[in-house]
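The values are calculated or read from the model by the stated rules, or taken from the named source; none is laboratory data. Small disclaimer: the values here were computed from a predicted structure and weren't measured. Glycine also receives a Cβ, built like all others from the backbone with ideal geometry; neighbour counts cover every protein chain displayed. In case anyone asks, the SASA skips ligands and DNA or RNA and just uses the protein heavy atoms, side chains included. Shrake-Rupley method; radii C 1.70, N 1.55, O 1.52, S 1.80 Å.
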Amino acid sequence: MSSDASTWIDALCPPGIGDDIYRLAADIYPICRSITGAGVRQTLDRLERRVPLVRTETPTGAQVLDWTVPPEWSVRDAYIANAAGERVVDFRRHALHVLNYSAPFRGKLPLAKLKQNIFTLPDQPELIPYRTSYYEARWGFCMSHAALMSLPDGEYEAVIESSLEPGSLTYAEYVHHGASADEILLQAHTCHPALANDNCSGVAMLTVLAAAISKLKTRYTYRFLFAPGTIGAITWLANNTDRVQRIRHGLIVSCVGDSGGPTYKRTRRGDAPIDRAMAHVLKDAGPEAKIIDFSPYGYDERQYNSPGFKLDVGLFQRSQFGTFPEYHTSADNLEFIRPEHLERSMRLIAAALDVLEHDARFVNLAPKGEPQLGRRGLYNSVGGDKNAYANNMAMLWTLNQSDGDHSLLDIAERAGLPFDTIKRSALRLEAHGLLRRLGA
Ligand code: ZN
């Protein structure tokens, strides 16, 4: 166990962490990302100011599991101009205005015809939708329904200066080596343009977390992966088939900056250590905290939990994806995410990692009756602490349950106390010669 074990959560979440994550999310928010192309690389450039990354470029056409790496998309400009030459839709004002992965187009056409290539949200008329067309070649724009309704009939010029050319798919990793080669995988998807919660929040959080973990001595090796959704995870898996079995635990992080939830989606197995760790942490996370069962729909946990890999990877979010009205619209912006929500999400993730990192079994070295704690100054050491009662209970529970069969997480669950409190009590008792660690 690392010497800073008792302050793990505080070490990963120093004061101001929410503002720090928010700043990075705001920095990458405007970039037009997609599953391939310059937007992903620009985003990685910004992350790299915080933590060194190793990038992998996989060429267009490469066979990755049952998929093929698609052409690289780039977009320089996209707009709809009226007869006077005024831009009524302008990609430079919002990255969502262009259908993501749109084929190039240039032409003049009447509004009625142009509308066939415009996506709006009639039920949310002020918002721009986020739409993609990755695997079907088409061109299009996205705009608010209100703006579309306000356009007078007439002829418009539609221009999409994009290209779909042979190139590569980019993902990036930061690996922090721990005492063990066993890995904890943490992944955020990098393919969404100008959407703050989904997933600038997750990308920024994992970057800040990676930088914080890089300063600690850990038991596990931590692999941070920044990859486009679906095809990125599939490409990483295809490129790492010899390495994936090192992954012991994993977590997908997305939509972590809004006020909802928190929500945890279990692994396919349902009772993996990450499932237990998250359930323990979320038990005290308020009435909105929710744990949902695995289903083969969602984010990249689907790929890792596929039967050919069976990796124990869960999903952490605040509001569950698809359930909030801002989801995949221009309302998923920098007002929708807040530093305080980011901080809370970060602390919950840090607390779950604390369980994975530090769970252990101990044996009580004075198991006959209760050892006299007062004589050893163990009661005194917490006497002035407002948490004295919990700390004393934690010591009694830890001594009582440390028969070699029960782990610290088992004890925390039975005692109804936070893992961190039990862990600290175990370290204190170990330092006083009352407990001996098993295994390790
Ligand atoms: Zn999404």
> Quick one: length gained pulling Asp271 to Gln245 fully straight, 0.36 nm per residue minus the C-alpha distance?
Replying inline: 7.6 nm
> Cα gyration tensor of region 361-437, axes a ≥ b ≥ c as square roots of the eigenvalues: rounded (a/c below 1.5), prolate (a/b > b/c) or oblate?
Replying inline: oblate
> Which order, highest average first, do 348-354, 92-98 follow once you tally other Cβ atoms within 10 Å for each residue and take the mean per peptide?
Replying inline: 348-354, 92-98
>> Run through region 301-351 and list the GluC sites (Glu not before Pro) located in a DSSP loop whose Cβ has at most 14 other Cβ atoms within 10 Å.
In response: Glu335
> What nm value, rounded to one decimal, do you get for the distance between Ala112 and Thr60 when each label is placed 7 Å out toward the C-beta?
Replying inline: 3.7
> Over the chain, what is the percentage of antiparallel beta bridges among all DSSP beta bridges, to the nearest 5?
Replying inline: 65
> For the chain, what % of the accessible area comes from carbon and sulfur atoms, probe 1.4 Å?
Replying inline: 49
> Could you give the angle, 0 to 90 degrees to the nearest 10, between helix 17-28's Cα long axis and the longest principal axis of the Cα atoms of the chain?
Replying inline: 20
> Could you give the accessible area per residue of region 81-165, probe 1.4 Å, as a whole number in Å²?
Replying inline: 51
>> Nearest 10 degrees is fine. How inclined is helix 273-283 to the longest principal axis of the chain, computing both from alpha carbons?
In response: 90
> Computed over the Cα atoms of region 267-327, what is the convex hull's projected area averaged over all directions, in nm²?
Replying inline: 4.4
>> Could you compute the net charge surrounding Asn117? Neighbours are other residues with a C-beta less than 15 Å from the C-beta of Asn117; K and R count +1, D and E count -1.
In response: +3
> On full extension of the chain, what length is gained from Glu161 through Ser133, given 0.36 nm per residue of separation minus the C-alpha to C-alpha distance?
Replying inline: 8.5 nm
> Just the C-alpha atoms of the chain: what Rg/Rh do they give, with Rh taken as the Kirkwood radius?
Replying inline: 1.06
> Taking the Cα centre of the chain as the origin, how large is its charge dipole in debye, to the nearest 20, when only Lys and Arg (+1) and Asp and Glu (-1) carry charge on their Cβ atoms?
Replying inline: 980
> Each label point is 7 Å from the Cα along the Cα-to-Cβ direction; what then is the distance between the points at Ala26 and Ile291, in nm?
Replying inline: 3.6
> So what are the ³J(HN,Hα) numbers for region 97-104, from phi and the Karplus equation (6.51, -1.76, 1.60; θ = phi - 60°), rounded to whole Hz, Gly and Pro as x?
Replying inline: 5, 9, 4, 5, 6, 4, 5, x
>> Full-extension gain between Glu335 and Ser150, please, as 0.36 nm times their residue separation minus the C-alpha to C-alpha distance.
In response: 64.0 nm
>> Can you tell me which of Ser150, Ser330, Ser254 moves the most in a GNM of the chain? Springs connect C-alpha atoms under 10 Å apart.
In response: Ser150
> When only Cα pairs under 8 Å and 6 or more residues apart are kept, what is the percent relative contact order across region 361-437?
Replying inline: 45
> Too long at a 26 Å Cα-Cα cut-off: which of Lys215/Lys423; Lys265/Lys310; Lys217/Lys423; Lys215/Lys310?
Replying inline: Lys215/Lys310
> Could you name the lysines in cross-link range of Lys108, using Cα to Cα under 16 Å and dropping any fewer than eight places away on the same chain?
Replying inline: none
> So what is the relative contact order for the chain, in percent, with contacts set as C-alpha pairs under 8 Å and at least six apart?
Replying inline: 18
>> Quick query: amide H of Leu435 versus all other amide H atoms, modeled in the peptide plane; which residues come in under 5 Å with a sequence gap of 5 or more or a different chain?
In response: Leu365, Glu430
> Relative to the first principal axis of the alpha-carbon coordinates of the chain, what is the inclination of helix 339-358, with its axis defined by its Cα atoms, in degrees from 0 to 90 and to the nearest 10?
Replying inline: 50
> Peptides 261-269, 61-69: what's the order by average Cβ count within 10 Å, highest mean first?
Replying inline: 261-269, 61-69
